[in-house]
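These notes are about the structure you will find just below.
The values are calculated or read from the model by the stated rules, or taken from the named source; none is laboratory data. Computed from a prediction, not measured in an experiment: that's the story for all the values here. Heads up, the Cβs are rebuilt from the backbone with ideal geometry, glycines too, and the neighbour counts pull from every protein chain shown.
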Amino acid sequence: MSLTDDLYREIILEHFREPRNFGRLTPADLSAQGVNPFCGDELEVTARLTGPSVGPTGPSVSELMSHGKGCSISQASASLMTEALKGKSLEEAAQLARAFKTFMLTGPETTGTLPPALEELDVLAGVKKYPVRIKCAVLAWNTWLEAVDQFQKKQVAQAAPPSTAAPLPEDPAARDTTLRAALKTVIDPEINMNIVDLGLVYNVEPNDQGAVRVTYTLTSPGCPLGPVIQSQIQGALKKIPWVSQVHCNLVWTPPWDPKTMASEEAKMELGLW
């Protein structure tokens, strides 16, 4: 796909060829994965924090890294983001991310409205002329906001008084029925059918402590929606009161075959006989 020369300014190409803060922090205080299925961009954001967790601004972002693959716009934007947000308080870093998203979602004629801390990001204003590429530019920022949201929810959960977990059903069959019913709410976006009827769920194993291990596969090893489906699996099962943890085990053996693994209803929908 070709874009006009103003989109490929020197700073974009520089950050694409030599991305700043590229890599993965282990361990990390914040982490999240993002994907743009339309373009195939994949990104992981990890960060470490310093300072008190309480106070008007909270801790500061001492280290921030991005890791992934994708087009020059998504990778350059991620590189620029790590430079702009590193050293900021967690609250300010979140506010700046929201400000950048607002800037990108305004009309292409709008320029020069970024906060001073994001002035260098004005180079991405040209992307606004191509709406389909805006998702590439904001992928890293959306992923960062998701990491912040997850961290804040975890902090709230840890600060809350312990609650009494719901009792585990004694009947193994009842457990399996409940778990699979929850997994039926997880939809494969490419086929628009739930992963249970598609036959993508190979096994669901809960233990006596409420930890659930889900062994599953995807329609193809190159499926760009893997992180999205994994997140949906975890979210669906964690809504069950007696589920304490969810472990996702993605496998490729045996390979998925809808002719033998999908339900009869799914086969009819897919036109398989």
Subject >> Condition met for GLU63 (at pLDDT 95 or above and either charged (D, E, K, R) or more than 18 Å from the chain's Cα centre (by Cα) (or both)) >> reply: yes
**OP:** Please enumerate the residues belonging to region 185-227 that are under 16 Å from GLN33 (Cβ atoms), crowded, with 18+ Cβ neighbours inside 10 Å and modelled with pLDDT of 85 or more.
**Re:** LEU218
**OP:** Would you confirm whether any residue within region 235-246 is surrounded by 15 or more Cβ atoms within 10 Å (Cβ to Cβ), touching a Lys or Arg at 6+ places or on another chain (Cβ under 8 Å) and farther than 18 Å from MET193 by Cα?
**Re:** yes
